[in-house]
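To start, the structure itself, in structure tokens.
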Amino acid sequence: MPTHEASFEIDSKTDSYAALRILEQAYDAVREESRSVREGTDDADELLQAFRTLREASKRRTPGRLTITYEQYDDAEFED
């Protein structure tokens, strides 16, 4: 299973703002896609809650690290 990872060190207000913008964009994209594809399902609600938690944590403007990991599943196909 191939894994791709990117980490962003947050050690200034500028870095903090950039991390917040990344998470806001990700949240908005997930929200819009969930609304059009799986509105009201438990999976969509859980996914949005996870992104909402990340977005709210980034608003506290504290030093830290934002790590994004993409794990590619072998031989997996999307369900329609």
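Beta carbons within 10 angstrom, averaged per residue: use that to sort the peptides 23-30, 65-72, highest first.
Values: 23-30: 14.9, 65-72: 10.9.
Averaged packing, sorted descending, gives the order 23-30, 65-72.
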- Task: For every other residue with a beta carbon closer than 14 angstrom to the beta carbon of Arg55, add +1 if it is Lys or Arg and -1 if Asp or Glu, then tell me the sum.
- Result: +3
- Note on the structure: Nearest 10, in degrees from 0 to 90: the angle of helix 42-58 to the longest Cα principal axis of the chain is 10
- Note on the structure: Per residue, accessible area of the chain with a 1.4 Å probe, heavy atoms of protein chains only, in Å², comes to 82
- For helix 13-38, what angle does its Cα long axis make with the longest principal axis of the chain, in degrees from 0 to 90 and rounded to 10? 20
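The values are calculated or read from the model by the stated rules, or taken from the named source; none is laboratory data. This is a predicted model, so every value here is computed, not measured. Note that each Cβ is placed from the backbone with ideal geometry, even for glycine, and that neighbours are counted across all protein chains shown. SASA here: full protein model, heavy atoms, side chains in, ligands and nucleic acids out. Shrake-Rupley method; radii C 1.70, N 1.55, O 1.52, S 1.80 Å.
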